[in-house]
Amino acid sequence: MRAIHRGKQPSLAQLRAFAAVADHLHFRDAAAAIGMSQPALSGAVSALEEALGVQLLERTTRKVLLSPAGERLAVRAKAVLDEVEALLEEADAVKAPFTGALRLGVIPTVAPYLLPTVLTLVHEKYPDLDLQVHEEQTSSLLEGLSAGRLDLLLLAVPLGVPGVVELPLFDEDFVLVTPLDHWLGGREGIPREALRELNLLLLDEGHCLRDQALDICREAGRDDAPVTTTAAGLSTLVQLVAGGLGVTLLPRTAVRVETSRSSQLLTGYFADPAPTRRVAFAMRAGAARAAEYEELARALREAVRALPVRVL
């Protein structure tokens, strides 16, 4: 077996400097990105080249390029830095639960209606937790969770995504929001079949609530896509209903907030079993802070009992 001579071990600072240059291909931008002076960054990369015994960069007066060796070793350097970051996060989680940053991703059709409860819970029960909220659509949230940009998601399920664990919180019914003069306005016991004939206004593509509404229509026996007007958010959607352009479906947690903005709306309720959606936390399988997320889910289930939902 061929013996491998190993010189001086590279430092993490050297690896960070090289990874930054590999990302930016510019010494000044790379130095600014990691808070290091440009001479120190250049010296760190040179020291790494000396330690490894290979040329990582091709320097010209106008630009910086990765050498063939640099292309290969940049991938390794970034992987090492990611593992070190994971090590530090795991150590923090073990040392002190519910401290440090928690990057929570929330879908737009949950955020305005559930965040007040979440924020109050965290403020009162976990005051040392640095909760950072990111409102995005489901596909972006899942990408962020997979990439490590987000730690925990709050969204509608089921997701059916490998490597993602769901922590169900509650189920909530959908209700029908109509203009004042609509024949279903204010009624109870509305059969789902009524959806076959309605001019239903929906959110834009990409919102999971749009897909859920279309699924409800299909279950009611409607085969066409009842979409002539769409909106980017529920507030706009409800204003379109108030203006007489059609009707829409709202989750129960959104009704009070969204319908209070107009006196031109009525709410109708479906016959049992009403169409529903399930809201849950979602985390990476094997997450270092899984026990914390499960505890947070238990606490939030208790906190939402005052809302019009069925706690799981």
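The values are calculated or read from the model by the stated rules, or taken from the named source; none is laboratory data. Here the structure is a predicted model, which is why all the values come from computation and not from measurement. Cβ placement follows ideal geometry from the backbone for every residue including glycine, while neighbour counts extend to all protein chains displayed. Ligands, DNA and RNA are stripped out before the accessible areas are found, and what is left, the full protein with its side chains, is counted by its heavy atoms. Shrake-Rupley method; radii C 1.70, N 1.55, O 1.52, S 1.80 Å.
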- Item | Selection count, the stretch 252-264, where residues are surrounded by fewer than 17 Cβ atoms within 10 Å (Cβ to Cβ) and among the aliphatic types (A, V, I, L, M) | 1
- Subset of the stretch 215-229 [within 24 Å of LEU142 (Cα to Cα) and either buried (at least 18 other Cβ atoms within 10 Å of the Cβ) or modelled with pLDDT under 80 (or both)]: ILE216
- Have a look at THR267, THR248 and point out the one that is β-branched (Val, Ile, Thr) and either open to solvent by 10 Å² or more (accessible area, probe 1.4 Å) or over 23 Å from ARG310 (Cβ atoms) (or both). THR267
- Residues located in the stretch 291-310, provided they are within 8 Å of PHE170 (Cα to Cα) and open to solvent by less than 40 Å² (accessible area, probe 1.4 Å): VAL309
- Among the residues of the stretch 230-279, write down those that are assigned to a strand (DSSP E or B), among the polar types (S, T, N, Q) and without any contact (Cβ under 8 Å) to a residue 40 or more places away in the chain. THR230
- Mind listing just one residue for me: the one in the stretch 63-86 that is buried (at least 17 other Cβ atoms within 10 Å of the Cβ) and hydrophobic (A, V, I, L, M, F, W, C) and, of those, nearest to SER11 (Cα to Cα)? ALA77
- Residue ID - surrounded by the fewest Cβ atoms within 10 Å (Cβ to Cβ), chosen from residues in the stretch 38-62 that are of a type in the set (Val, Ile, Thr) and modelled with pLDDT of 90 or more: VAL54
- Message: I need the strands (runs of 3 or more DSSP E) fully contained in the stretch 112-190, keeping only those with at least 2 residues that are open to solvent by 40 Å² or more (accessible area, probe 1.4 Å).
- Response: 129-135, 164-179
- Which members of the stretch 191-209 meet the condition of being open to solvent by 30 Å² or more (accessible area, probe 1.4 Å) and outside any loop (DSSP other than H, G, I, E, B)? ARG192, GLU193, ARG196, GLU197
